[in-house]
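One structure is given here, and the rest of the page talks about it.
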Amino acid sequence: MPFAELRQRMAAAITAFTDAVAGRVAPGLPWIYLALRRALIPTLVWLVVAALFFVLPQSREVLHGLSEPVLQSFAEFDRTDRSSINLWALISYVVTAVVLGFAIWYSARLLSTVDADRGAPNALEIEPGLGGLKVATTWYPRGLGVSALAAAIGALIYANYTPRLSQWLALGLAVLAIAGPLLVAVGRLLGRDAPSLKGKVCIAIGALAGIIGFVLLWMLHSKWPIRLWCIGSAMLPALLLSFLVRRRRMFAQAQRHEGHDAARARAFGDAIATIVVLALGSGVALLALALLPPVVMRAYGSAAAALLFLAAAALTLSGAQLVFRRFASNVPGFTTATLAIVAVLIAWIGDEDLGGEKLAPKPQALLVQKAAPAGAAASVPGPSRPLYVNAHGGGLRAAVFTAQVLARADDATCGGFGKQVAAFSGVSGGSVGIATYLLARQELVARGAWGTCARDASGKPIDTPLADIVTGALVQDHLSPVISRMLAVDAPHLWGSPVRGQALLDSWNGALIRSLQARFDDSKADDFAAFALPMAALTGGLDAPPAVYFNATDADSGHITWFSNTQGGVAATYRQAARPVQLSVGQAVLHSARFPIVTPAGAFALPWDDKHTARLVDGGYADNSGTTTLFDVFALSGNTAPRVINIDGNPNPDSPCEKDGGNPPLLTGVRGLLQARTAHASRAVERLARRTDAPLVSVQLDLAEALSREPPRSRSGRDIDVCRRVARAQQAPLGWYMSYEAAAVVAKSAEFGVERICKTLQLQCEPAAVKMPRAD
């Protein structure tokens, strides 16, 4: 066969194949055109909702926390409680999810209809493409809004039915519960004009699926309010669909008739005016919430704040796209030119804004009035104080674990443990835990400390005041104030300094004060210095105060910048000698725990260079263990028999519940960088242990160990999957939220850590047992 003839046959076959594929795909092209071009913004918002609540573990933990009441103290947590929930946050989430569904539907509808005749492909301007486009224009916005609401409600069900169910079973239960009412709604719509066999079949299948789903929702959760909320919320997507389809008839009956064609285009000016009003309303609501005290945002919740931001973003960006589309239709290249100008402006004036967080001083606070003269703090340790403590780990989980270990060790020894510590060095979440422990201890000692330190017949302390205070301060929703201000203020960049770091600092400070007030009756908030205490006055309530170091990272040099209470409050680096600084404990700790994105980089005016401002980030970048600074402490202390306690608030990598993450092709390099940092931290701890020439006392957060000592069966008699409960408590390290249930598991692990410290160091202590909540 001649080559030319073979080539012609191949060309004909390729043409026939592509035409056949195009014919098959053609019915879906109008939908793809709307999703990926005209209504791209609401489509992307929908994807963000799905990823936010089904991919991020921290989001599941936040939604699970809606089933727990807001408590004044962690000691109030009762796992057997079957009726108390976080009602206001739950209402806020569900209502805001409905608002988001409406916002996505409305923005998609406007983008699909306003100026729809401008720039449409030729294939969609003639039949059959024109008819398909009309159908897609009617139903795609409805489907997008309804599915966004379904995703938000499904995430609520999914989060609250794990880990009792595996993730796939919980996801299947959420789909079944939501799909049942939706099928009933679709069946009713199919038969609204005339009886329809398809409609009857849909109604029958939907009713059966809904009944099965609702029965399972009722059976598989221990709290009846959550059962009712999940069942009621599962019907909301179906109600929204019915409303969107029938709204024109409803408006006609109310003499507010808009017309009968859902695909008709609204006037450009009318659409822009409406969308501006809606976007401003949602934006102002979010801004108002963000600027209110942290306690208000905790009541609203971080999940609801994220949904409200997405609703405002969908409306705002959709309005901007409509304006750009109108100009671009008359001025070719207008959109591209505008984006280029914006990029140039960002490059010109887009310097990073740094956090300048502060806490108002409290001269009337008891600790400030009792503060020793500057320079008296942190005396040189002697042989009677042989212990050196370093603490590290990510986020609130590490902070809770560190503070629990230290506080329970002191409670078990009636304060004797703290008297033996010569120095503390913290990084990241470990710094937050050390600071909370020392501040709470100092406030407690100033008010009588442990009193008679009563014990039961077995020798265990009856009361654990220090552990109760630190846990009540840390086991709070510190994420909501940060998220709200990040979304409402920092993301739109309304003014210079970012405020989310200040929100986190205020949240820590307010939570510690409330926890102290719960402990000491008839006290006022102004009686407690809390995180506003100057670094120079940080003593931990000890006559011979320990040296305390909070380690941050200089983003420009990559080296450690540390803050200490020694010499009247100082700062230093590896190349700069200690210089006096005036800052609060909260400022120093925040510099040490500045997680990327969640907390902005901090501005620090260098005392050794008044012409330069350092940009400080999380201390874990330079030293992920906190031990590097302790080398200098040993060089100065002259202690001949030191012992090092290494508190690691990261999950135990050797736990049987740790799984191999596989080999993701794009993330292996990032994983290598993070693991190298962890490996360097481990090596630093080992070098420090060799230098002390004494066995290292290592306390590792091990949730599987804590749960393995509990009864293997739940109250209902089923076997408990330990690793599922570990996954509940072992959330993303950047999170500043932890449920009470997860915190109880962390506290149990801390109890075992104290047992290890007492046994290794031969301390006379009997740590109080943590009451672990049994699984349902």
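The values are calculated or read from the model by the stated rules, or taken from the named source; none is laboratory data. In this text the structure is predicted, and so the values were computed from the model without any measurement. A quick note on method: Cβ atoms are made from the backbone with ideal geometry, for glycine too, and the neighbour counts reach across all protein chains shown. Accessible surface areas use protein heavy atoms only, side chains included; no ligands, DNA or RNA. Shrake-Rupley method; radii C 1.70, N 1.55, O 1.52, S 1.80 Å.
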Exercise. In the list V276, V284, V295, which residue meets the criterion of being assigned to a helix (DSSP H, G or I), modelled with pLDDT of 80 or more and either out of contact with any helix residue (DSSP H, G or I) (no Cβ under 6 Å at 6 or more places or on another chain) or farther than 28 Å from A503 by Cα (or both)?
Worked result: V284
Seminar exercise, completed: Matching residues in segment 213-238 (of a type in the set (A, V, I, L, M, F, W, C) and closer than 15 Å to A170 by Cα) number 11
Exercise. If you take the residues in segment 290-322 that are open to solvent by 30 Å² or more (accessible area, probe 1.4 Å) and under 10 Å from A488 (Cα atoms), which one is nearest to the chain's Cα centre (by Cα)?
Worked result: F309
Problem set entry | Residues that are among the hydrophobic types (A, V, I, L, M, F, W, C), open to solvent by 20 Å² or more (accessible area, probe 1.4 Å) and part of a loop (DSSP other than H, G, I, E, B), drawn from segment 543-583 | A544, A555, A577, A578, L583
Problem set entry | Hey, L512 modelled with pLDDT of 90 or more and surrounded by 24 or more Cβ atoms within 10 Å (Cβ to Cβ) or not | yes
Exercise. Hey, among G145, G180, G191, which residue is open to solvent by less than 40 Å² (accessible area, probe 1.4 Å) and within 18 Å of R249 (Cβ to Cβ)?
Worked result: G191
Problem set entry | Residue list for segment 454-466, restricted to those being in contact with a Pro (Cβ under 9 Å, 6 or more places away or on another chain) and either in a helix (DSSP H, G or I) or modelled with pLDDT under 75 (or both) | A454, R455, K460, P461
Exercise. Does any residue in segment 573-593 that is over 15 Å from G430 (Cα atoms) come within less than 8 Å, Cβ to Cβ, of a residue that is small (G, A, S) and surrounded by fewer than 18 Cβ atoms within 10 Å (Cβ to Cβ) six or more places away or on a different chain, and which pairs are these?
Worked result: T573/S557
For this session: Within segment 495-521, track down each residue that is more than 21 Å from L396 (Cβ to Cβ), touching a residue at least 12 places away in the same chain (Cβ under 8 Å) and of a type outside the set (S, T, Y).
Result: G496, F520
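Mind telling me which of the residues G620, G626, G586 ends up being open to solvent by less than 10 Å² (accessible area, probe 1.4 Å), modelled with pLDDT under 90 and assigned to a helix (DSSP H, G or I)?
G620
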Problem set entry | Meets criteria (open to solvent by 30 Å² or more (accessible area, probe 1.4 Å), modelled with pLDDT under 85 and part of a helix (DSSP H, G or I)) for A116 | no
Problem set entry | Evaluation of W168 against (1) open to solvent by 60 Å² or more (accessible area, probe 1.4 Å); (2) in contact with a His (Cβ under 8 Å, 6 or more places away or on another chain) (one fails), failing number | (2)
Exercise. Which members of segment 632-654 meet the condition of being modelled with pLDDT of 70 or more and either part of a helix (DSSP H, G or I) or open to solvent by less than 40 Å² (accessible area, probe 1.4 Å) (or both)?
Worked result: P642, V644, I645, N646, I647, D648, G649, P651, N652
Exercise. Does any residue in segment 522-537 that is at positive phi come within less than 6 Å, Cβ to Cβ, of a residue that is at pLDDT 90 or above and part of a helix (DSSP H, G or I) six or more places away or on a different chain, and which pairs are these?
Worked result: A530/N509; A530/L512; A530/I513
Seminar exercise, completed: Among residues of segment 61-78 being open to solvent by 40 Å² or more (accessible area, probe 1.4 Å) and in a helix (DSSP H, G or I), the residue modelled with the lowest pLDDT is A75
For this session: For residues that are among the polar types (S, T, N, Q) and closer than 14 Å to L241 by Cα, scanning just segment 131-184, find the one that is nearest to the chain's Cα centre (by Cα).
Result: S147
For this session: Only residues that are over 25 Å from L289 (Cβ atoms) and touching a residue at least 24 places away in the same chain (Cβ under 8 Å): list them for segment 58-79, please.
Result: S73, F74, A75, F77, R79
Seminar exercise, completed: Considering residues that are part of a helix (DSSP H, G or I) and among the aromatic types (F, W, Y), the number found within segment 141-190 is 2
Seminar exercise, completed: A449 fails exactly one of (1) in a loop (DSSP other than H, G, I, E, B); (2) closer than 29 Å to S302 by Cβ, namely (2)
Exercise. For segment 484-506, what are the residues that are assigned to a helix (DSSP H, G or I) and touching a Lys or Arg at 6+ places or on another chain (Cβ under 8 Å)?
Worked result: R485, M486, V489, D490, R500, G501, Q502, A503
For this session: Answer yes or no as to whether V499 is among the β-branched types (V, I, T) and closer than 30 Å to L286 by Cβ.
Result: yes
For this session: Hey, can you tell me all the residues within segment 4-37 that are surrounded by fewer than 10 Cβ atoms within 10 Å (Cβ to Cβ) and either at positive phi or touching a residue at least 60 places away in the same chain (Cβ under 8 Å) (or both)?
Result: none
Problem set entry | Output for segment 410-439, where each listed residue is in a loop (DSSP other than H, G, I, E, B) and open to solvent by 10 Å² or more (accessible area, probe 1.4 Å) | T413, C414, G416
